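Notes to accompany the following structure.
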Amino acid sequence: MGTPPTGPTYQPTPYSAAVAARFPAPSVVYNTPGLQAGRTTFTTQAEIQTWLHDQAVSVSRSAGVKAAVLPIGQSQRGEALEALILTRATGTDPTTLLATGRPTVLLVGQQHGDEPAGSEALLVIARELAQGLLQPLLEHINVVIVPRANPDGAASDQRATADGLDMNRDHLLLNTPEAQALAKLTRDYQPIVVVDAHEYPVAGRFLQKFGTVQKFDALLQYATAANLPEFLTKAAEEWYRRPLLVALKGQDLSTEWYYTTSTDMADKKVSMGGTQPDTSRNVNGLKNIVSLLIETRGVGIGRLHIQRRVHTHVTAITSVLASTAQRASELNQLRPYIDKEISAEACKGEAVVEAATTPAQHELVMLDPVSGADKPLMVDWDSALALRSIKARARPCGYWLSAGSTTAVDRLRLHGVQVLRVAEPGSLLGDSYRETSRAAGERQDVDGTIASNNPIIKVQVSLTRGVIDAPRGSYYVPLNQPLGNLVLAALEPDTQSSYFANQLLNGLQSTVRVMAEPNIKLEELP
Ligand SMILES: [Zn+2]
């Protein structure tokens, strides 16, 4: 993309005064370091660290509230990744927070470095929770905030991490230290809700394809991956998205479902967020978390409308925090119910291996780039709200993994998946995969771009039932656990997101679908 403009006077072309007039600044003025008058750069990494530490200090003067800045990892260029923990528990470690019985909300900003509004908004939210108007919410919830998940990307105003990987397509594989840090934080603090704050392109492809600029202050979407429990989606819709719509409307902020369009100029289709289990939105859904994506209109317009973009995120995130406080007891019941429901599905029925969106039509309102007037368009619309099963298989009892599958085992455990080790040699009844075709390929993103630079192995497989030897030191991953659906997404080999396709597993023979409860001696890993 070259060097993106960031100066205060930058406007994309064409982006008329009439368009800009549609987006007046809010009456409130936000004053994080990066939003000070006269600033030409957003809040720096050093300023974020100081800000978080200042909130932790200010909170320690406030009776009953505890806060701590937790180091959660390092970026590829060695920047500290940090989370601010805010709670009325007696400590800030995961066990103490969980013991409060209060649901924990995890807020993540700026996985994409060129989407700054979420990060600035989370600094505002941190301050309001620590010492401002949101502090009373801590009577009902714990909050964990990672304002900037990708500091290297932010420092160079680029979407990807330092090595060029899109970390928001890495949440199942966990190849980047940035995604690993979030996975570990999620595993340890067990949030009930995760908000992923992004921004979307205002002109770009839409201008080229439809001759329009985009209208909506906020695009919203919850998890839409295969096998998600119905009640999780219901909670996301009824307890979160609907109050969110009301809150945003109350501030005269417009909303739509999240959407994107392909880079192919001839393809006028518009797609909702995809079904692949690779984004934070979908992978957190597979962890039985209410997972919400919030995107403001901000990519490609530098600092234009920045107060309004931050206000949109602050309004939306405040609504999510309030909904969690209001629904705390229902959420506390929902989670164990869903965990149990998924565990109980092991060895039974079918699981969807691959799902697809459903073609539909949708009236999408865009803006005329000159007059700024609404321009409604009827578009071909790939709906992620109704998923079609493309490929389904009997749901196994679990998966056997060869002793050499240590990378896959480590990644699964980083997610919080229980992996057992075979303690004594034995045999298992299972389905082995046989390759029927193979091609080299790339992971496709929902917008038609390549989701990762790393090539994948695309295979077609057939299954062969048989008794297999399980040597000592090999692994068993039971599906009788809350993250069973995440395990399926990782270990069925013939999908573009799988551990096999992305070469975290050595060969198809390293995985067997175990089709009867194993009668062998298993042990916990240390
Ligand atoms: Zn983004």
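The values are calculated or read from the model by the stated rules, or taken from the named source; none is laboratory data. Only a predicted model underlies this, so the values are computations on that prediction, with no experimental measurement involved. Positions of Cβ are backbone-derived with ideal geometry, glycine not excepted, and every protein chain shown enters the neighbour counts. Ligands, DNA and RNA are stripped out before the accessible areas are found, and what is left, the full protein with its side chains, is counted by its heavy atoms. Shrake-Rupley method; radii C 1.70, N 1.55, O 1.52, S 1.80 Å.
Ignoring ligands, DNA and RNA, please state the percent of accessible area on the chain from carbon and sulfur, probe 1.4 Å. Working shown, then result.
Numbers: 10260 of 19970 Å².
Answer for the chain: carbon and sulfur cover 51 percent of the accessible area.
Most tightly packed first, judged by the mean number of other beta-carbon atoms within 10 Å of their residues, the peptides 77-85, 345-353 read 77-85, 345-353. If you average the C-alpha positions of the range 225-279 and of the range 324-392 separately, how far apart do those two centres end up, in angstrom? Here the two parts' Cα centres lie 7 Å apart. Phi angles of the range 27-35 translate, via the Karplus equation with coefficients 6.51, -1.76, 1.60 and θ = phi - 60°, into HN-Hα couplings of 6, 6, 10, 8, 9, 5, x, x, 10 Hz per residue; Gly and Pro are given as x. Charged neighbours of LEU505, selected by a Cβ distance under 13 Å, balance to -2 (K, R count +1; D, E count -1).
With the charge dipole of the range 396-524 set up from +1 on Lys and Arg Cβ and -1 on Asp and Glu Cβ about the Cα centre, the Cα lying farthest toward the positive end among the listed residues SER497, GLY398, VAL446 is that of GLY398. Proximity of backbone amide H atoms, modeled 1.01 Å from N, is registered between GLU517 and no other residue at under 5 Å, excluding neighbours fewer than 5 places apart on the same chain. If R0 is 56 Å, the Cβ-Cβ spacing of LEU133 and VAL467 corresponds to a FRET efficiency of close to 0.30. Per residue, the chain exposes an accessible area of 38 Å² to a 1.4 Å probe, with every protein chain left in place. In order along the range 256-267, phi translates into HN-Hα couplings of 8, 4, 5, 8, 8, 9, 6, 7, 7, 5, 7, 9 Hz, rounded to whole numbers, per the Karplus curve 6.51 cos²θ - 1.76 cosθ + 1.60 with θ = phi - 60° and x for Gly and Pro. When each of the peptides 64-71, 151-158 is scored by the mean number of other C-beta atoms lying within 10 Å of its residues, the order from highest to lowest reads 151-158, 64-71. Would you mind checking the tilt of helix 328-344 against the longest principal axis of the Cα atoms of the chain, expressed as 0 to 90 degrees and rounded to 10? Long axis of 328-344 versus the principal axis of the chain: about 30 degrees. Compactness check for the chain: Cα Rg over 2.2 N^0.38 Å is 0.97. Between the amide H of ALA360 and those of TRP381, ASP382, SER383, distances stay under 5 Å, these residues lying 5 or more places away or on another chain, with hydrogens modeled in the peptide plane. Between GLU435 and LYS268, the FRET efficiency estimated from the beta carbon spacing at R0 = 45 angstrom works out to 0.75.
When restricted to Cα atoms, the range 72-148 yields an Rg and a Dmax of 13.3, 38 Å, respectively. Could you tell me how far the Cα centroid of the range 447-521 sits from the Cα centroid of the range 206-223, in Å? Spelled out, the Cα-based centre of one part sits 37 Å from the other. Highest average first, the peptides 52-58, 407-413, 138-144 ordered by how many other beta carbon atoms sit within 10 Å of their residues are 138-144, 407-413, 52-58. Ligands, DNA and RNA aside, ARG187 has an accessible area near 80 Å² when probed at 1.4 Å. Taking 12 Å as the straight-line reach from the Cα of LYS184, the aspartates and glutamates in range (excluding those fewer than 8 positions away in the same chain) are ASP410. The distance from the alpha carbon centre of the range 25-73 to that of the range 91-124 is 13 Å, rounded to a whole number.
For LEU81, the residues 5 or more places off, or on other chains, whose built amide H falls under 5 Å of its own are ILE72, GLY73, GLN74, SER75.
Pairs spanning more than 20 Å between alpha-carbon atoms, out of LYS215/LYS269; LYS348/LYS391; LYS269/LYS375; LYS287/LYS521; LYS391/LYS458: LYS287/LYS521.
Okay, helix-only estimate at 222 nm for the chain: each DSSP H run of n ≥ 4 adds -39500 (n - 2.57), divide by all residues, round to 500 deg cm²/dmol; what do you get? It would help to have the intermediate numbers written out before the result.
Working: 14 runs with 142 residues, N = 526.
Taking each H run of at least 4 residues, the total per residue is -8000 deg cm²/dmol.
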